[in-house]
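Asker: Before anything else, here's the structure in question.
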Amino acid sequence: MHVGTLMVRLHVRESRSLKDKRQVVKSIVDRLKNAFNVAVAEVGARDHRQMIVLGVAAVGEDAAGVKATLHAVADALRKHPVAEFCDCELSVDRSGGD
């Protein structure tokens with residue numbers, strides 16, 4: 001089993017309040033969960049009205065498949081119309097026994 005994680009930082013210039021930010025976060029989280037079958041959570045900068053830090057996790061039999069899924073997630077976020085992609089960190093590790 002391989003477990004992959006992706007941490008993504010996004011910037012929402014038009015967000016004037018935490019409420020504005022939360023609407024963007026909810027939209028992104030729902031879309032990623034449905035499109036890529038991954039787990040997604042806001043993992044940082046929760047009180048910053050313009051910065052979003054998301055953690056994304058994927059599990060699969062092979063590292064290449066997990067890595068491809070997480071790269072697809074990052075690519076989708078790069079194209080988001082409201083949130084500007086800042087950077088990301090991706091890792092895939094083997095977990096558990098055979």
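Laboratory data are not the source of any read-out in this text; all were calculated from the coordinates shown. All figures in this text were calculated on a predicted structure; none of them were measured in a lab. Glycine also receives a Cβ, built like all others from the backbone with ideal geometry; neighbour counts cover every protein chain displayed.
Asker: What do you reckon, is GLU61 touching an Asp or Glu at 6+ places or on another chain (Cβ under 9 Å), farther than 15 Å from ASP87 by Cβ and of a type outside the set (S, T, N, Q)?
Answerer: The answer is no for GLU61.
Asker: Does GLY4 fit the bill of being buried (at least 16 other Cβ atoms within 10 Å of the Cβ), among the small types (Gly, Ala, Ser) and in contact (Cβ under 8 Å) with a residue 60 or more places away in the chain? So that I can check it myself, show each step before the final result.
Answerer: Numbers: buried (at least 16 other Cβ atoms within 10 Å of the Cβ): yes; among the small types (Gly, Ala, Ser): yes; in contact (Cβ under 8 Å) with a residue 60 or more places away in the chain: yes.
The answer is yes for GLY4.
Asker: Given the conditions (1) hydrophobic (A, V, I, L, M, F, W, C); (2) in contact with a Phe, Trp or Tyr (Cβ under 7 Å, 6 or more places away or on another chain); (3) not in a strand (DSSP E or B), report the number of the one that LEU10 does not fulfil.
Answerer: (3)
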